[in-house]
Amino acid sequence: MIKYISFMNKDTTMAASSKHTSPDAQPIDALIVGAGFAGMYMLHKLRGLGLSAAGLEAGRGVGGTWYWNRYPGARVDIQSLEYSFGFDEDLEAEWRWSERYAPQPELLRYAEHVADRFDLKRDIRFNTRVSAAHWDEAAQVWQVETDAGAATRCRHLILATGCLSIPTDVTFPGLDTFTGEVYRTSRWPHEGVDFSGKRVGIIGTGSSAIQSIPIIAGQAARLTVFQRTPNYSMPAHNGPIPEADFEAWSRDPRSYRAASKDTGGGFQNEANAATLATETAPEDIKAELERRWAWGGFRILGAFADTAIDPEANRIVQDFIAGKIRQQVADPAVAERLTPKDHPFGTKRPCVDTGYYAAFNRPNVELIDLRAEPLREFNAHGIRTEARDYAFDAVVLATGFDAMTGAIDRIDLRGVGGRRIKDHWAEGPRTYLGLMVSGFPNMFTITGPGSPSVLTNMINSIEQHVEWIADCLVSLKQRQQTSIEASAEAEAAWCQHVAEAVAPTLLPQANSWYMGANVPGKPRMFMPYAGGLNNYTEICRQVAAKDYEGFIIRQGNRVLSDSRVFTSQPPIGEIPEKLMPLIVERLTAAGLMPAAQ
Ligand code: N01
């Protein structure tokens, strides 16, 4: 027999749910899956609007990404002044970040602070993973089950499950025969790991590895880095927040945040929308790239308007970074191996590091190129490649995530007629606005596939989604509407728009996790929306203003509004004339524009 979850608490907003001990009880307005930044703000927001809401979270605490990813060196890659909530001025005023890029323990403390400040934990059930959610058409509610065999019902199901929360299933032959310790960066022990005096191997050179390698290298007797594909990494130049930056921010945080949100990436990056690298004198290019490199982080991404589109312009930045790698790495052969060659700059998420390249100058660090000597297997002592045996006391797997869809399609999610999300997404994730899925009424995805999400400052994307969803739920409630569902037609039109936004760029050229390329068998499709957070926000605003264009809204079985179109348009900025032929060529090649006669 199914045991129904009771979200027992004294709070009035939960009055409806506190009675929720049987299938006959009133379902709560919203069940939020995940208590990272998205889930926490969603809960706070809905409570403030008088809706009954509760959360389920697999971890023992809040924080999501920052709860799980405790590997040494983990820190944010967007400046903390921007990577923090802006929805509450008091919260904003009382928290002072210690560094430009806060480390994981501080981010987790911030998450805890937010949870305590808004008294969120009383409505979150921890240690509880959602295993299934089925839409009950007759009752117009979601029936949700957990891996502990408990159940609950809700009118709206809000998936705040994170874009990078489920590690890939990567394994290696013989891994279980290895007698040393094995760690995954994304599931790091809470008590920490002391590598002192140990021989350590690490597999992977994505952001997680790039952040942890310098720290592990400083502890371990020997560190062997197994690299399959080198990545581009820019220096964080981390440290205390420069007084001038803090002053600029604290003079008017509202305007500062508004300016961040009014960018493609959701953070201030001095993005240059007009100047082309291919039309700039070499000495001016160098000066601009040096200035941005010295500033650090992602600022170099915004240097020129053509690097994301024109291979020649991209090559200029690639060559600049290759020069920077050579400057930092003493051994030219190692520098060469660390230099990316198989993908344009920016087409995989670039990394932001503190001392990554310099770590390879240490006598106790060795770089193994898995393309030259493929990893054959693990054995009791360590790793055997096609060339050699390596003995280790510990191995770290920094092998990445089943991004964007992994946390959603691992839930047995079934919509109208019992259709499974896995089947709906068999050829890649299909959503309307990255917010809803056709055939899955009353189910929302915060920063879901098809939204700007991972291409942006996640906190700003989360705030925008939470506020849009909250407005939508209030609108439904006020009008006594019981369900909202993306129409198949609007979903198809949005998917086409997502494809149109990315096709002109170089982004599809990399075997990135954005493309699902890191998971064997995953459909190859660019998952986030590349049209920019500012444009996307405007589209979402238009959709809501047009009485939820593209959605079917019902009251019980009665259809109240049946919109099958998506006509909202992103504001189109100026596109440099020189890039137009390339853009047209790529849209045509992708079948998104008819070929010229
Ligand atoms: O994962 P990744 P990550 N044999 O997928 C390698 C965010 N993040 O956890 O490229 C050998 O980037 C794989 O090699 P290849 C950020 O958005 C942010 O590091 O497939 N190697 C690659 O080198 C980031 O992009 C921060 O050839 C194998 C690595 O493992 C995202 O999370 C910090 C392999 C995986 O790199 C993911 O980063 C950390 C195999 N079988 C993460 N399988 C911040 O700074 C995989 N690899 C905020």
For the subset of the range 393-409 comprising residues that are in contact (Cβ under 8 Å) with a residue 40 or more places away in the chain and more than 15 Å from the ligand (Cβ to nearest atom), which member is nearest to Q227 (Cα to Cα)? A394
Considering only the range 298-315, I want to know if a residue exists there that is in contact with a Lys or Arg (Cβ under 6 Å, 6 or more places away or on another chain), within 16 Å of the ligand (Cβ to nearest atom), open to solvent by less than 30 Å² (accessible area, probe 1.4 Å) and closer than 27 Å to G204 by Cα. yes
For F378, only one of the following conditions fails: (1) over 27 Å from the mean Cα position of the chain (by Cα); (2) touching a residue at least 12 places away in the same chain (Cβ under 8 Å); (3) open to solvent by 20 Å² or more (accessible area, probe 1.4 Å). What is its number? (3)
Could you tell me which residue of the range 550-597 is surrounded by the most Cβ atoms within 10 Å (Cβ to Cβ), considering only residues that are of a type in the set (S, T, Y) and in contact with a strand residue (DSSP E or B) (Cβ under 7 Å, 6 or more places away or on another chain)? S563
Tell me which residues, restricted to the range 271-297, are under 22 Å from E463 (Cβ atoms) and open to solvent by 60 Å² or more (accessible area, probe 1.4 Å). A271
Which residues, counting only those in the range 347-364, are aliphatic (A, V, I, L, M) and surrounded by 21 or more Cβ atoms within 10 Å (Cβ to Cβ)? V352, A359
Would you be able to tell me the number of residues in the range 50-81 that are touching a residue at least 60 places away in the same chain (Cβ under 8 Å), under 15 Å from D123 (Cα atoms) and not basic (K, R)? 10
Which count do you get for residues in the range 222-254 that are under 16 Å from R299 (Cα atoms) and among the acidic types (D, E)? 1
Where a residue in the range 485-513 is closer than 28 Å to P441 by Cα and its partner, wherever it lies, is of a type in the set (K, R) and open to solvent by 10 Å² or more (accessible area, probe 1.4 Å), with Cβ under 7 Å and at least six apart: S487/R564; E489/R564; A490/R564; E491/R430; C495/R430
Among helices (runs of 4 or more DSSP H) entirely within the range 411-525, at least 3 residues that are over 15 Å from L159 (Cβ atoms) and open to solvent by less than 10 Å² (accessible area, probe 1.4 Å) occur in 458-478, 488-502
Can you tell which of W513, W468 is within 16 Å of the ligand (Cβ to nearest atom) and not charged (D, E, K, R)? W513
Can you name the residue in the range 219-231 that is more than 11 Å from the ligand (Cβ to nearest atom) and open to solvent by less than 50 Å² (accessible area, probe 1.4 Å) and is also farthest from the chain's Cα centre (by Cα) among such residues? A220
Just checking, does the range 167-178 include any residue being open to solvent by 30 Å² or more (accessible area, probe 1.4 Å), away from the ligand (no atom under 16 Å from the Cβ) and at pLDDT 95 or above? yes
Does V62 satisfy the condition of being more than 16 Å from the ligand (Cβ to nearest atom), in a helix (DSSP H, G or I) and either closer than 25 Å to R299 by Cβ or open to solvent by less than 10 Å² (accessible area, probe 1.4 Å) (or both)? no
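The values are calculated or read from the model by the stated rules, or taken from the named source; none is laboratory data. Just so it is clear, the model here is predicted, and its values are computed rather than measured. Please note: Cβ atoms are built from the backbone with ideal geometry, for glycine as well, and neighbour counts cover all protein chains shown. Ligands, DNA and RNA are excluded from the accessible area calculation, which covers all protein heavy atoms including side chains. Shrake-Rupley method; radii C 1.70, N 1.55, O 1.52, S 1.80 Å.
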